[in-house]
Amino acid sequence: METRSVYVFIAVCDSARKGRNDVPRRAPRLAVLHLDISSIYITFVPLLTKMDYLKMANTYFQCYVHLVFAVKHRECLIHESNREKMQKYICGIVNQDKCKVICIYCNPDHTHILVGIRPSISISDLVRDIKSVSSKFINEQKLMRFHFNWQDGYGAFTYSHSQITSVSNYIKKQPEHHKKKTFREEYLDFLEKFEIEYDEHYLFEWID
């Protein structure tokens, strides 16, 4: 005849002692009751206590990303009079996603943002939120004469903590950089610097 076994799992605690906080004398244990035709025996397996969970390692995360994305049409060029208002609103969107803007600059045809990202949000989700919510704000506030949209796609370039100052200075000095270099030249330089393969047919629609 085939022998069949049955396993029963039971959480077992010692009787609580009287006194401070009525703490059990020992940590809870898991009783594994094994039954078969020939024998019955019990094995005790310790369970994790609250203190065991508190001792588990935390997640330590640091990620700085330089985001670059562009406006969709020439009619959507960002006017200097609206630049600071847009920058503040975009910072609010990023804060709402529990990330942190280190530096931001909205050029007429594209935007640079250096942001510290939390581990529970993806870069694509953050960019999606920035674009969709800011576009809605710009159109509702009628900051443009025509309907505003960002282009599809974006650039995302990661940096170490030691590079934050230099990258921030680069973003702050965007007007100076673009006196010598177009957005197209700047963006291609980034792709080549970070050794990112690309097809020029699938980049931004440049507004020169």
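Since every read-out is calculated from the coordinates, none of them should be taken as a lab result. Predicted model, so just to flag it, every value in this text is computed and none were measured. Ideal geometry is used to build each Cβ from the backbone, glycine not excepted, and the neighbour counts take in all protein chains shown.
Assorted remarks:
- CYS91 sits among other residues whose Cβ lies under 14 Å from its own Cβ, and their net charge, with Lys and Arg +1 and Asp and Glu -1, is +2.
- Alpha carbon centroid spacing (whole Å) that separates the stretch 148-162 from the stretch 68-130: 9 Å
- Residue pairs, from the table LYS136/LYS179; LYS98/LYS181; LYS100/LYS172; LYS136/LYS181, whose Cα atoms sit over 28 Å apart: LYS136/LYS179; LYS98/LYS181; LYS136/LYS181
- The modelled label-to-label distance between ILE123 and HIS147, using points 7 Å beyond Cα along the C-beta direction, is 3.0 nm.
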